[in-house]
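Undergrad: Take this structure first; my questions come after.
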Amino acid sequence: MTHTEDRLPRSTPEAQGIPSSAILAFVEAAEKDARGLHSFMLLRHGNVVAEGWWYPYAPEYPHMLFSLSKSFTSTAVGLAVAEGRLSVDDPVLSFFPEDAPAKVSENLAALRVRHLLSMSTGHDQDTTEKLHQAPDGNWVKAFLKQPVTHEPGTHFLYNSGATYILSAIVQRLTGMTVLDYLGPRLLEPLNIEGATWETCPRGINTGGWGLSIRTEGIARFGQLYLQRGLWHGRRLLPEAWVQTATSRQISNGTSLESDWEQGYGYQFWLCRHGAYRGDGAFGQFCVILPDQDAVVAITGGMADMQPVLNLIWTHLLPALGPASLPEDSAAHAELDRKLASLALLPAQGQASSPLAEKVSGKRYTFAAKRSPLKAIAFDFAGDEAICALRDGWGEHEVRCGCGAWSMGTTALNLLGPRPDVNPGVSRAVAASGAWLDPQTYALKLWFYETPFCFTLTCKFVNNRLKLNLNMNVSFGPTEWPQLVGQLTEAS
């Protein structure tokens, strides 16, 4: 069965009790107040009533999920429990006796699977960085080595390393990665195709991050949970597991305004308004509203994730009425036009500059040791500018559209040596460039299967190039110190 043959059913919003005008208000507010959405899909009563992608993002492309991956790992554990492979009360050390530290603390001995699931392992800090630093690549051993300061089950700490251990447990018990294990049990029945998942050095899916799927796959996953584990009348996941995983297992704060302090289940966050969700960094959301029989799937690239949830509560939640509404063809047409025209702006500026011919073919080299770029050169001769960039792993050519996006792939790595970056791996990229002024050319590189966009602002001054590099979102700084490149050769 192909991706298009088993699409979720489509419906007008009004037929499912939602005014098209309310969805339009959400989309317009998101563009104004929660900028950074890449895709949006709203399901009501199992029907897609609205969907849109901000070009170059599109329905057929997967998107990095970051920590939304955790909810899929939790689901794999639930399936393994249903198959009798383990219990949530099993000691974690029982799965990895060979990796246990020489001296096992009382708290480590008390660590159970359910503590991994509920982020109540007792650690004082997220263990993920320690996993990446493991010199032998044994992340399990590195995790078990970390001090368990608190009694497990008493202290909430968001800990992606805990989810990795869940993935490792599933692989230890089944002989399959979480991705392979979920294949026939979840992904294939839901028709989620083309899923990929990053692995640790020993070939274990990272669990807490690293999954990439399409937006509709996120929506299907949410719909399965909304239907309490049933799909087309077939039970894929035990109802009791869905209930437990999406119920408060531990408190994580007291704020009435934050959707990160309403309690935590088994790798699901509880929300305000009786909703719950899986979510990932920079705006990857699967929001389930059981009382309204609705699912919201979102991908994005935003530094602050609370505003988009606020907009769901402000615009969509009150609009989810109990009965169908009269069709509003004018409002529906306006919504359709808006959703069909969503796009991220390419580089804005002039198509050319008197300086373009002079610098075309010139190569500039950066001497700074920590520079993510070693050299850069431009060819402005054709309709598209061609940018040749050298990083620490080789030379990369990118075609840059003028006033539009030019689609391609590149293995360019502007993040430098990092444990979560695999050099040499090509990623889809949309590139655009424009002259901001006669001396300054700006290049935008949007990696549209990820949240990330890099902007390179290049100012040509005599025989030097001053380059400012920044990115839209990041786990660290979003700007690099200015790079100064020296002219080293000419064509």
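Undergrad: Hey, does segment 181-195 have a residue that's within 24 Å of L116 (Cα to Cα), part of a helix (DSSP H, G or I) and charged (D, E, K, R)?
TA: Yes, the conditions are met somewhere in segment 181-195.
Undergrad: Could I ask something else about it? Conditions first: (1) outside the structural domain of P290 (by TED's automatic domain parsing); (2) modelled with pLDDT under 95; (3) closer than 30 Å to F475 by Cβ. H3 passes all but one, so which condition is the exception?
TA: Of everything listed in (1) outside the structural domain of P290 (by TED's automatic domain parsing); (2) modelled with pLDDT under 95; (3) closer than 30 Å to F475 by Cβ, H3 misses just condition (3).
Undergrad: Have a look at R277, R272 and point out the one that is under 15 Å from the mean Cα position of the chain (by Cα), within 22 Å of G36 (Cβ to Cβ) and free of Cβ contacts under 8 Å to residues at least 60 places away in the same chain. Explain how you work it out, then say what you get.
TA: Working: R272 fails: under 15 Å from the mean Cα position of the chain (by Cα).
Just one listed residue meets the conditions, R277.
Undergrad: Quick check, is L325 outside any helix (DSSP H, G or I) and surrounded by 15 or more Cβ atoms within 10 Å (Cβ to Cβ)?
TA: Details: outside any helix (DSSP H, G or I): yes; surrounded by 15 or more Cβ atoms within 10 Å (Cβ to Cβ): yes.
Yes; evaluated as a whole, the condition is true for this residue.
Undergrad: Would you pick out the residues in segment 371-387 that are over 27 Å from the mean Cα position of the chain (by Cα) and part of a loop (DSSP other than H, G, I, E, B)? Outline the logic, then answer.
TA: Our first condition is that a residue be over 27 Å from the mean Cα position of the chain (by Cα); within segment 371-387, this holds for 374-387.
Residues satisfying the conditions are K374, F380, A381, G382, D383, E384.
Undergrad: While we're looking at this one, here's another question. Would you check if A297 is closer than 24 Å to S20 by Cα and surrounded by 24 or more Cβ atoms within 10 Å (Cβ to Cβ)?
TA: Working: closer than 24 Å to S20 by Cα: yes; surrounded by 24 or more Cβ atoms within 10 Å (Cβ to Cβ): yes.
It is true that A297 is closer than 24 Å to S20 by Cα and surrounded by 24 or more Cβ atoms within 10 Å (Cβ to Cβ).
Undergrad: Could you tell me which residue of segment 214-257 is farthest from V77 (Cα to Cα), considering only residues that are part of a loop (DSSP other than H, G, I, E, B) and under 21 Å from the mean Cα position of the chain (by Cα)?
TA: So the first thing to find is which residues in segment 214-257 are part of a loop (DSSP other than H, G, I, E, B), and the list is 214, 227-229, 232-233, 236-238, 246-249, 251-257.
Checking the rest, the ones that are also under 21 Å from the mean Cα position of the chain (by Cα) come to 214, 246.
Numbers: R214: 22, T246: 14 Å.
Among those residues, the one meeting the criterion is R214.
Undergrad: Also, I was wondering about something else. For segment 100-131, name all the residues that are within 17 Å of I204 (Cα to Cα) and either touching a helix residue (DSSP H, G or I) at 6+ places or on another chain (Cβ under 8 Å) or surrounded by 16 or more Cβ atoms within 10 Å (Cβ to Cβ) (or both).
TA: L116, T127, T128, K130, L131, listed by residue number.
Undergrad: Right, something else. State all residues of segment 78-89 that are buried (at least 16 other Cβ atoms within 10 Å of the Cβ), more than 10 Å from L173 (Cβ to Cβ) and of a type outside the set (G, A, S); if no residue qualifies, say none.
TA: L79, V81, V88
Undergrad: Something else about it: Answer yes or no as to whether A431 is assigned to a strand (DSSP E or B) and either β-branched (V, I, T) or surrounded by 16 or more Cβ atoms within 10 Å (Cβ to Cβ) (or both).
TA: Numbers: assigned to a strand (DSSP E or B): yes; either β-branched (V, I, T) or surrounded by 16 or more Cβ atoms within 10 Å (Cβ to Cβ) (or both): yes.
Yes, satisfied.
Undergrad: In segment 388-413, how many residues are assigned to a strand (DSSP E or B) and either free of Cβ contacts under 8 Å to residues at least 60 places away in the same chain or among the acidic types (D, E) (or both)?
TA: Step one: of segment 388-413, the residues assigned to a strand (DSSP E or B) are 388-391, 394-402, 406-410.
Narrowing further to those that are either free of Cβ contacts under 8 Å to residues at least 60 places away in the same chain or among the acidic types (D, E) (or both): 388-391, 394-402, 406, 408-410.
Within segment 388-413, residues that are assigned to a strand (DSSP E or B) and either free of Cβ contacts under 8 Å to residues at least 60 places away in the same chain or among the acidic types (D, E) (or both) number 17.
Undergrad: Of all residues in segment 443-477, count the ones that are exposed (fewer than 14 other Cβ atoms within 10 Å of the Cβ) and free of Cβ contacts under 8 Å to residues at least 24 places away in the same chain. So that I can check it myself, show each step before the final result.
TA: Applying the first criterion (exposed (fewer than 14 other Cβ atoms within 10 Å of the Cβ)) to segment 443-477 yields 461-464, 475-477.
From what's left, free of Cβ contacts under 8 Å to residues at least 24 places away in the same chain: 461-462, 476-477.
Residues in segment 443-477 being exposed (fewer than 14 other Cβ atoms within 10 Å of the Cβ) and free of Cβ contacts under 8 Å to residues at least 24 places away in the same chain: 4 in total.
The values are calculated or read from the model by the stated rules, or taken from the named source; none is laboratory data. Remember, predicted model here, so these are calculated numbers, not experimental data. When we count neighbours, we look across all protein chains shown, and the Cβ atoms used for this are built from the backbone with ideal geometry, even at glycine.
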